[in-house]
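The values are calculated or read from the model by the stated rules, or taken from the named source; none is laboratory data. Treat the numbers as computed from the prediction; the structure is a model and nothing was measured. Here the Cβ positions follow ideal geometry from the backbone for every residue, glycine too, while neighbour counts run over all protein chains shown. Please note that ligands, DNA and RNA were not included when accessible areas were found on the heavy atoms of the full protein model with its side chains. Shrake-Rupley method; radii C 1.70, N 1.55, O 1.52, S 1.80 Å.
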Amino acid sequence: MKSKIKIYFLGMFFLISGVSCHERGPDPSLFRFFDQKGFVENIGKNLIIPSYKDLTEKSMALDTALTRLVEQPGKNNLLVARQSLKDAWLSWQYCLPFEFGPSELRGLKADLNSFPANTTQIEANLKSTSIDLNLPENSHAKGFATLDYLLNNKSITDEKLLATIEKKTALNGYMLGVADQISLSSNLVYRSWDPAIGGVYYVFFTDDDALGVKEGSSVSDLVNGLAKSLELAVTKAKVGIPIGDYSGGLAAPEATEGHYGGYSLELLKASIEAYQLIFTGTSRSGVDGLGFDEYLNIKGARLSGTDQQLSEALASGMDSVLTTLQLMTDPLSDQIVNNLPAVQELNNQLKALSYLLKEEMAPALRVEITY
């Protein structure tokens with residue numbers, strides 16, 4: 001990986017063409033250069049496109065599993081549908097940081113992962129003869145969380161659920177409609193990215209005109225995507241709101257992601273692992289390339305007020321979160337009720353990591369936070 005990095009040390013008054021930034025490093029009289037194009041090519045080719053491809057495949061498998069369940073209600077098909085939901089939901093975690101470009105335009109996050117589920121609206125939909133998932137009132141009555149409620153609600157026995165499906169009630173059409181939207185939205189975003197199937201966004205993302213760090217550049221999109229998703233979609237939504245961090249301490253364990261399936265912590269762990277891969281520029285299949293860690297190191301970025309490399313501080317922060325998660329067992333809702341101090345510590349670690357991304361990494365790379 002190190003051999004791919006192009007570092008040149010030049011005198012203060014020696015000018016060359018190309019994108020460069022003068023940063024404070026071990027020797028402030030030196031210019032430092034980073035292969036930014038190679039960096040965005042690696043992130044696009046080895047992380048973004050494969051993540052959307054996997055999400056599309058898992059979403060199609062979910063759609064297929066639910067179709068089979070509706071056509072042939074049975075215990076085994078129910079178990080397959082539940083596992084397919086979990087697989088697709090886990091796959092989504094690796095796409096979460098990339099909410100820009102096609103994902104933002106499509107509203108992919110809104111279609112797939114607005115949680116907690118609005119159970120009142122879901123129950124109303126089950127009594128309706130027509131459901132428009134794009135209406136505002138259904139913003140939390142679609143996506144993974146809705147299927148979680150419909151498939152994994154412990155207050156309904158498997159026998160009763162299968163009997164309801166057997167009767168060809170509104171439940172069947174509702175589940176298929178939600179799964180179809182998940183699959184369609186995922187596929188549209190993936191097809192917009194991958195040049196192998198006619199996608200063009202990768203070309204825009206890696207074009208020379210998209211280099212630099214100004215708003216709208218690929219690096220700016222990546223940094224803002226990481227910071228926004230970690231602060232709002234992970235720290236706040238997955239942990240902060242459920243523990244009452246935004247409601248005067250009034251905990252809401254039922255607001256956890258994957259609440260009915262009981263795998264909130266597994267989803268959270270996958271999302272942190274996704275940040276690690278992006279940070280180090282490593283694909284899920286092990287392809288090693290340029291990452292933010294090398295970007296920061298080449299710029300000589302240090303944690304404010306210390307001599308510690310900022311990349312080390314960020315890596316340590318992610319490791320700390322994962323270590324804490326390893327000490328907990330799902331479901332997160334039970335941890336909130338029975339082990340709240342540990343969950344509060346997890347929340348503090350996530351906030352600290354979010355701070356490092358937003359207030360330390362972004363300024364070090366001269367990227368303006370725009371969300």
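Annotations
- Sole residue being β-branched (Val, Ile, Thr) and open to solvent by 40 Å² or more (accessible area, probe 1.4 Å), chosen from ILE165, ILE156, ILE182: ILE156
- Residues located in segment 29-45, provided they are modelled with pLDDT under 95 and within 16 Å of LEU365 (Cα to Cα): PHE31, ARG32, PHE33, PHE34
- Yes/no for LEU108 being buried (at least 23 other Cβ atoms within 10 Å of the Cβ), at pLDDT 95 or above, under 15 Å from the mean Cα position of the chain (by Cα) and among the hydrophobic types (A, V, I, L, M, F, W, C): yes
- On the stretch given as segment 191-210, residues that are open to solvent by less than 40 Å² (accessible area, probe 1.4 Å), assigned to a helix (DSSP H, G or I) and not β-branched (Val, Ile, Thr) total 4.
- Filter pass, GLY212 being more than 19 Å from the chain's Cα centre (by Cα), on the phi > 0 side of the Ramachandran plot and free of Cβ contacts under 8 Å to residues at least 12 places away in the same chain: no
- Beta carbons closer than 7 Å, at least 6 apart along the sequence or on distinct chains, pair a first residue in segment 310-324 that is within 20 Å of ALA364 (Cβ to Cβ) with a second that is in a helix (DSSP H, G or I) and among the charged types (D, E, K, R) for LEU310/GLU360; SER311/ASP293; ALA315/ASP293.
- In segment 326-350, residue nearest to ASP245 (Cα to Cα) [restricted to those that are surrounded by fewer than 17 Cβ atoms within 10 Å (Cβ to Cβ) and under 20 Å from the mean Cα position of the chain (by Cα)]: ASN348
- Single match in ALA251, ALA233 (criterion: of a type in the set (Gly, Ala, Ser), part of a helix (DSSP H, G or I) and open to solvent by less than 60 Å² (accessible area, probe 1.4 Å)): ALA233
- Residue list for segment 74-95, filter: within 20 Å of the chain's Cα centre (by Cα) and open to solvent by 10 Å² or more (accessible area, probe 1.4 Å): GLN83, SER84, LYS86, ASP87, LEU90, TYR94
A quick yes/no check of all residues on (1) modelled with pLDDT of 95 or more; (2) in contact with a helix residue (DSSP H, G or I) (Cβ under 8 Å, 6 or more places away or on another chain); (3) surrounded by fewer than 19 Cβ atoms within 10 Å (Cβ to Cβ):
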residue: GLY261; (1), (2), (3): yes, yes, no
residue: SER264; (1), (2), (3): yes, yes, no
residue: LEU267; (1), (2), (3): yes, yes, no
residue: SER271; (1), (2), (3): yes, yes, no
residue: PHE279; (1), (2), (3): yes, yes, no
residue: GLY305; (1), (2), (3): yes, no, yes
residue: SER320; (1), (2), (3): yes, yes, yes
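- Test: residue in segment 138-158 that is more than 26 Å from GLY262 (Cβ to Cβ) and either among the β-branched types (Val, Ile, Thr) or at pLDDT 95 or above (or both): no
- Under the condition of being open to solvent by 10 Å² or more (accessible area, probe 1.4 Å) and over 20 Å from GLU359 (Cα atoms), the residues counted in segment 284-303 number 5.
- Test: SER354 is surrounded by 16 or more Cβ atoms within 10 Å (Cβ to Cβ), among the hydroxyl-bearing types (Ser, Thr, Tyr) and farther than 28 Å from TYR295 by Cα: no
- Breaking point among (1) under 20 Å from ASN76 (Cα atoms); (2) open to solvent by 50 Å² or more (accessible area, probe 1.4 Å), for ASP132: (1)
- Residue check, SER217 more than 30 Å from SER155 (Cα to Cα), among the polar types (S, T, N, Q) and open to solvent by less than 10 Å² (accessible area, probe 1.4 Å): yes
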